[in-house]
Amino acid sequence: GAGVSQSPRYKVAKRGQDVALRCDPISGHVSLFWYQQALGQGPEFLTYFQNEAQLDKSGLPSDRFFAERPEGSVSTLKIQRTQQEDSAVYLCASSTPASGGQFFGPGTRLTVL
Amino acid sequence: QKEVEQNSGPLSVPEGAIASLNCTYSDRGSQSFFWYRQYSGKSPELIMSIYSNGDKEDGRFTAQLNKASQYVSLLIRDSQPSDSATYLCALEGAAGNKLTFGGGTRVLVKP
């Protein structure tokens, strides 16, 4: 079956612009996660949804970051007034209790100039 | 102290040898442990999960977990050049669900 998909794969933004990153999880996966990965480091947790409920947003680095999953399927991570330190790969993962782990999408590489 | 510690490497192994990767963690309440493989420029790929003390084998991969000593390891037997990648150790803590990752160990398998 289809895996997790993310779009766009690459995004270049000027400092101060708003961006929206989309994640389409594996069909039937109730849990959806967003992670941020800086070059040479492991992914860092941002936020977690179970269906449409955002159960944990403790990893969001500032109030410029906002995520939603209004119908319990597709999720959008929005970053307002982007800054250079937001440059990273943003990874989405999904899982279900029987899946045996989280499965990652290809990521969106965000570059803020 | 980081929550999940890995040697960054690179770990260089000859083709056909065993690669041994280690990971230590600080959260004693952690219940689930995972190894991900990440090729350069790609996203992490789940290769092993382990939940109880002992060994778990899957093909050329063996994961080992020792909760008392708070470490988890990954053995790659008969290493191939295609195994050259960064291997990420991850765990679900006592709070559940979100994964905490180590920084990864880069493995280079030389023909």
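The values are calculated or read from the model by the stated rules, or taken from the named source; none is laboratory data. Keep in mind the model is a prediction, meaning the values are calculated, not measured. Cβ placement follows ideal geometry from the backbone for every residue including glycine, while neighbour counts extend to all protein chains displayed. SASA here: full protein model, heavy atoms, side chains in, ligands and nucleic acids out. Shrake-Rupley method; radii C 1.70, N 1.55, O 1.52, S 1.80 Å.
Worth pointing out:
- Computed over the Cα atoms of the stretch A:65-107, pair by distinct pair, the Kirkwood hydrodynamic radius stands at 12.4 angstrom.
- Site pair A:GLU71 and B:SER40 shows an inter-label distance of 4.1 nm when each label is modelled 7 Å from Cα along Cα→Cβ.
- Once backbone amide H atoms are built at 1.01 Å from N, A:ASN51 has A:SER31, A:LEU32 as its partners under 5 Å, excluding neighbours fewer than 5 places away on the same chain.
- Per-residue mean of C-beta atoms belonging to partner chains within 10 Å, peptide A:36-46: 5
- Among the listed pairs A:LYS11/A:LYS57; B:LYS2/B:LYS67; A:LYS14/B:LYS2, those with a Cα-Cα distance over 28 Å are A:LYS14/B:LYS2.
- Evaluated with a Cβ-only charge set (Lys, Arg +1; Asp, Glu -1), chain B carries a dipole of roughly 160 debye about its Cα centre, given to the nearest 20.
- Here the gap between A:ARG109 and A:GLN84, fully extended at 0.36 nm per residue and compared with their Cα-Cα distance, gives a gain of 7.7 nm.
- Peptide B:100-107 has a mean of 3 when you count, residue by residue, the C-beta atoms of other protein chains within 10 Å of its C-beta.
- Whole-percent carbon and sulfur share, accessible surface of chain B, 1.4 Å: 45 percent
- If R0 equals 35 Å, the separation of the Cβ atoms of B:LYS110 and A:GLN50 corresponds to a calculated FRET efficiency of about 0.20.
- The chymotrypsin sites (Phe, Trp or Tyr not before Pro) of the stretch A:1-79 include none that DSSP puts in a loop with a beta carbon having at most 11 other beta carbons within 10 Å.
- Among the protein heavy atoms of the stretch A:1-107, carbon and sulfur supply 47% of the accessible surface, probe 1.4 Å, non-protein parts ignored.
- Descending semi-axes in whole angstrom, ellipsoid equivalent of the protein assembly as shown, from the Cα gyration tensor: 30, 20, 16
- In this rough spin-label picture, where each label sits 7 Å from Cα along the Cβ direction, the B:ASN66-B:ASP78 distance is 2.8 nm.
- Average beta carbon contacts from partner chains per residue of A:49-62, 10 Å cutoff: 1
- Loop-located GluC sites (Glu not before Pro) in the stretch A:1-102 whose Cβ has at most 12 other Cβ within 10 Å (DSSP): A:GLU71
- Rg(Cα)/(2.2 N^0.38 Å) for the stretch B:1-96, N = residue count: 1.05
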